[in-house]
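Worksheet: the structure to be examined is printed underneath.
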Amino acid sequence: MRPDGSWTGRAPGRVNLIGEHVDYLGGRVLPCAIDRFTISTGEPAREWEVISPVADGLRFVRAVGERLGAPPQRVRVESNVPPGAGVSSSAALLVSVAAGLRPDLPGAEAALACQAAEQAARGVMVGVMDQFAAALGRAGHALLLDTGSLKYRYVPFPASVLIAVVDSGIERDLADTPYNQRRREAESGMPRRRRHVESELRRVDAFVAALERGDLAALGRLLDESHASLRDDFEVSTPEVDALVARAAAHPGCLGARIMGAGFGGSVLALVEAGREGGFEAAVGRPVLFCQTADGAYVG
Ligand code: GLA
């Protein structure tokens, strides 16, 4: 914060490599912060005012500002994190504001405040993964987070693997999806939902082990298995996304692919061998965002 009370904060979007729909159950997740950023600048004002390309920017900014005890602010938001595409534009927005207003906070505390703000702003009982990745992701690494204890460690991510995010074009606001319902079903122990959660947790551990021994083929297999589980047991995929995953996985350079994030549309994550990505976008027939890992707002 500058002496006149004005401030700037910057935070990245995220991908989740694996560990889907387990972060509100205390499970392990493996996201990376990516090199797409939201920058917020602000100064004290009489009322909350937000100029933002992100829908509902005012509600989000105000929710996090108030949670951090800030007086009303006039905030301008710029972002190249595509909204509604499953790379957490909302977490990037919230964490950019937190980092601008309270750069002194421990990153984990900022992430928790942003999670609470997101839950309050739109009534979706999200876990803490996205905000944590935007705050504490690290370039060159994936972030292995235990959402039960909030302990985390960094796992090197190989430069020989490209992270491809394929936008399904099915934009959705999480508030209009059965996200909260899936959460309740999993919490109440519904057998198929639990089967996804338990198998996904094993896949997170297997994925970390595969990263650590450089077994790229195993990474791909685990993504494919995660997709099947999210489709059949957790039921958060759609036929269009299934078709996109199949097209991505059929490309010769693709190690594996799956629906990413909350689901119900959004985006597909594919891991592609560097140097073999030629023709990937044409093969899937949708816009592809090739991303690098990046530092979170509270790192570096
Ligand atoms: C959304 C939520 C996260 C997480 C994922 C599913 O991105 O914001 O907390 O639950 O869905 O893994």
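Observations on the model:
- Here the 3J(HN,Hα) profile of region 249-258, calculated from phi with Karplus coefficients 6.51, -1.76 and 1.60 at θ = phi - 60°, is 5, 6, 5, x, x, 7, 7, x, 8, 7 Hz, Gly and Pro shown as x.
- The HN-Hα couplings worked out from phi for region 49-56 by the Karplus form 6.51 cos²θ - 1.76 cosθ + 1.60 (θ = phi - 60°) are 9, 9, 10, 8, x, 8, 4, 6 Hz, whole numbers, x standing for Gly and Pro.
- Length-normalised contact order for the chain - Cα pairs under 8 Å, 6+ apart - percent: 24
- Protection proxy ranking of 211-220, 281-290 - average other beta-carbon atoms within 10 Å, highest first: 281-290, 211-220
- Each residue, Ser188 and Ser149, gets one label point 7 Å from its Cα in the Cβ direction; the gap between the two is 3.2 nm.
- In range of the label at Ala274: residues from region 124-158 whose backbone nitrogen is under 19 Å from the point 7 Å along Cα→Cβ: 138-143, 155-158
- Among 186-193, 94-101, the order from most to least packed when residues are scored by Cβ within 10 Å on average: 94-101, 186-193
- Rounded to the nearest Hz, the phi-derived 3J(HN,Hα) couplings of region 173-181 under the Karplus curve 6.51 cos²θ - 1.76 cosθ + 1.60 (θ = phi - 60°) are 9, 4, 5, 9, 10, x, 4, 4, 5, where x marks glycine and proline.
- Taking amide H as placed 1.01 Å from N in the peptide plane, Ala70 has no amide H partner under 5 Å among residues 5 or more places away or on another chain.
- In terms of the mean number of neighbouring beta-carbon atoms within 10 Å, the peptides 253-263, 125-135, 62-72 order highest first as 125-135, 253-263, 62-72.
- Between region 277-296 and region 64-142, the alpha-carbon center distance in angstrom: 24
- For Cys114, Cys32, Cys291, order by how many other beta-carbon atoms lie within 10 Å, fewest first: Cys291, Cys32, Cys114
Quick note: the coordinates plus some simple rules give every number you see, no bench work behind them. Remember, it's a predicted structure, so these values are computed and weren't measured experimentally. No Cβ is skipped: glycine too gets one built from the backbone with ideal geometry, and neighbour counts run over all protein chains shown.
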